[in-house]
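Notes for the one structure printed next.
The values are calculated or read from the model by the stated rules, or taken from the named source; none is laboratory data. Computed from a predicted model, the values in this text were never measured in an experiment. Backbone-built Cβ (ideal geometry, glycine too); neighbour counts: all protein chains shown. Just the protein is used for accessible areas: all its heavy atoms, side chains included, with ligands, DNA and RNA removed. Shrake-Rupley method; radii C 1.70, N 1.55, O 1.52, S 1.80 Å.
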Amino acid sequence: MRTLLVRGLMRSLIVPVAAAVAVLTAGAPGAHAATDLSQVAEALRDGPVYVDPAASDQLSSADAEALADKIEDADKPVFVAVLPADQPTEKLLLNLRTETGITGLYGARVGDRFDAAADASVMSGRAVDNLVTSVQSAGDAKAQLNDFVDAALNNVRGTAPASWSDGGEGVDVGGLVAVGAVLVAGGAGAYALIRRNRRRHEAEQRAALEKLRVVVDEDITAFGEEMDRLDFHPAEAGADDAMRADYERSLDAYDQAKRLMDGARKPEDVKAVTQALADGRFSLTQLAARREHRPLPERRPPCFFDPRHGTAVAEETWIPPGGTAREVPVCAADRTRLSEGRDPVIREVDTEHGRRPYWDAGPAYGPWAGGYFGSGLLPGLLIGTMLGSMMSAPAYAADYGAGYGFGGGGYEGGDMSGADFDPGDFGGGFGGGDFGGGGFDGGGF
């Protein structure tokens, strides 16, 4: 559960300003311009509830703060915006989701109308439809929004975005004032707990990265040795521009992998390293085919059992001990072993329980595998494994990154995806209806 003391104090400083703006704009017909959604989005990245100053008569600052506390206490990616009646509603929720850039469930009350939409990984469109319909008969904004949030918190998947609790990099004067207020108010213990938990989390991330560093260094070394064995020289007899381009791409990938690994600060950063190695290894495979005057190979991922084996030559059915059958990309040597009824040569890594296959070695190997095998292939390969189960959990992306193909939309609730989401996976609400006068004309999203 998140500690809300600091955020509550900051909200208490912001709300009077919003109220003052509302007083200045109240009673001035036509004075209110459409709210800039980028401002709403900026506020929602810092907290779950935004009330436009021109709509402050709908939801008081105290009620807004209580609603925000409820959402933050539940640690769920639920966003609520209260906007004036003249706010344009065409594509409102979709645009708000894009501007905010966080996977979640978005509800908006515009005047006396209400609608909502969500990423598919957080809540299905049907569930959003039912949720919105269930709160249409609620009375005022306070009752409706509380009903919406109460129901949503029981059904929405994922966790609240880290930006609601992280103060960001550098020195934030407002944050220092708030922290000082916490200390004065006797909240030093809570603040210390936040710092202690953050330090522990960072230490766990560093330890996971150091374990990965050993494995990735082995991968980089193996790729370099593969380049040496190929023994290609750009000026050799028979070399053409296509061969030289393949070789250049391989060298670039090798250098890029080393540079990215040197700069890695968390396990998620390893995904780009193994992606570079996979790209470079395929370039070597193309180069070898050109030199031997063979047809160029189609792009395949590395061997599933150990990417150091090289680019796969086929997909074969494999059944892990106690698991189910799945198609996996395999190298020529492992293909032969499987056809003869023998076990493939599996990449094992050190764990606290001894040497284990990488898919049973812990969550940090998700980014490592993700770079090699990509988001579209990975779920099928890892089904039924320890790593596959971990990566399909909503909380996984917060520590090890998202976009591996697990879940409905690639990103789990609370992930910062920016505009990288499928609008077709973001829906709910009334579509194009005027259901009970509550839907957004034009579809809302």
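Find the residue count for the range 301-322, including only residues that are in a strand (DSSP E or B) and surrounded by fewer than 19 Cβ atoms within 10 Å (Cβ to Cβ).
The total comes to 5.
Go through the range 136-156 and give me each residue that's over 14 Å from D115 (Cβ atoms) and either part of a loop (DSSP other than H, G, I, E, B) or among the polar types (S, T, N, Q) (or both).
Within the range 136-156, S137, G139, D140, N146, N154, N155, V156 qualify.
Among D140, D147, which is open to solvent by 60 Å² or more (accessible area, probe 1.4 Å), out of contact with any strand residue (DSSP E or B) (no Cβ under 7 Å at 6 or more places or on another chain) and farther than 18 Å from K70 by Cα?
D140
If you go through the range 114-130 one residue at a time, how many are closer than 16 Å to L93 by Cα and either of a type in the set (D, E) or not in a helix (DSSP H, G or I) (or both)?
11
Give me the residue from the range 332-342 that is open to solvent by less than 100 Å² (accessible area, probe 1.4 Å), touching a residue at least 12 places away in the same chain (Cβ under 8 Å) and not small (G, A, S) and, out of that set, nearest to A207 (Cα to Cα).
Only one residue tops the list, namely D334.
Where the second residue is in a loop (DSSP other than H, G, I, E, B) and the first is under 16 Å from L296 (Cα atoms) and lies in the range 234-249, which pairs have Cβ atoms under 8 Å and are six or more apart or on separate chains?
The qualifying pairs are A239/F232; A239/H233; M243/F232; M243/P234; R244/P234; Y247/F232; Y247/P234.
Determine, yes or no, whether E298 is assigned to a helix (DSSP H, G or I) and either open to solvent by 60 Å² or more (accessible area, probe 1.4 Å) or at pLDDT below 95 (or both).
In short, no.
Would you confirm, using the coordinates I've provided, whether A325 is surrounded by fewer than 16 Cβ atoms within 10 Å (Cβ to Cβ) and in contact with a strand residue (DSSP E or B) (Cβ under 9 Å, 6 or more places away or on another chain)?
Considered against the rule, which asks whether it is surrounded by fewer than 16 Cβ atoms within 10 Å (Cβ to Cβ) and in contact with a strand residue (DSSP E or B) (Cβ under 9 Å, 6 or more places away or on another chain), A325 comes out as yes.
If we scan the range 73-84, do we find a residue that is assigned to a helix (DSSP H, G or I) and either touching a helix residue (DSSP H, G or I) at 6+ places or on another chain (Cβ under 7 Å) or of a type in the set (G, A, S) (or both)?
Yes, some residue in the range 73-84 is assigned to a helix (DSSP H, G or I) and either touching a helix residue (DSSP H, G or I) at 6+ places or on another chain (Cβ under 7 Å) or of a type in the set (G, A, S) (or both).
Which members of the range 260-275 meet the condition of being free of Cβ contacts under 8 Å to residues at least 24 places away in the same chain and either buried (at least 23 other Cβ atoms within 10 Å of the Cβ) or among the hydrophobic types (A, V, I, L, M, F, W, C) (or both)?
Across the range 260-275, the qualifying residue is only L260.
Take the residues in the range 105-127 that are among the aliphatic types (A, V, I, L, M) and in contact with a Leu (Cβ under 7 Å, 6 or more places away or on another chain), then tell me which one is farthest from G405 (Cα to Cα).
V110
For (1) modelled with pLDDT under 95; (2) in a loop (DSSP other than H, G, I, E, B); (3) surrounded by 16 or more Cβ atoms within 10 Å (Cβ to Cβ), each residue gets a yes or a no:
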| position | (1), (2), (3) |
| --- | --- |
| P344 | no, yes, yes |
| R355 | yes, no, no |
| W359 | yes, no, yes |
| G362 | yes, yes, yes |
| G380 | yes, no, no |
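Identify, please: which residue in the range 32-71 is in a loop (DSSP other than H, G, I, E, B) and of a type in the set (A, V, I, L, M, F, W, C) and is, among those, modelled with the highest pLDDT?
L59
Going through T133, T159 one at a time, which residue ends up being of a type in the set (S, T, N, Q) and in a loop (DSSP other than H, G, I, E, B)?
Answer to the check: T159.
Could you go through the range 237-248 and let me know if any residue there is more than 17 Å from Q286 (Cα to Cα) and modelled with pLDDT under 95.
Yes, that holds for at least one residue.
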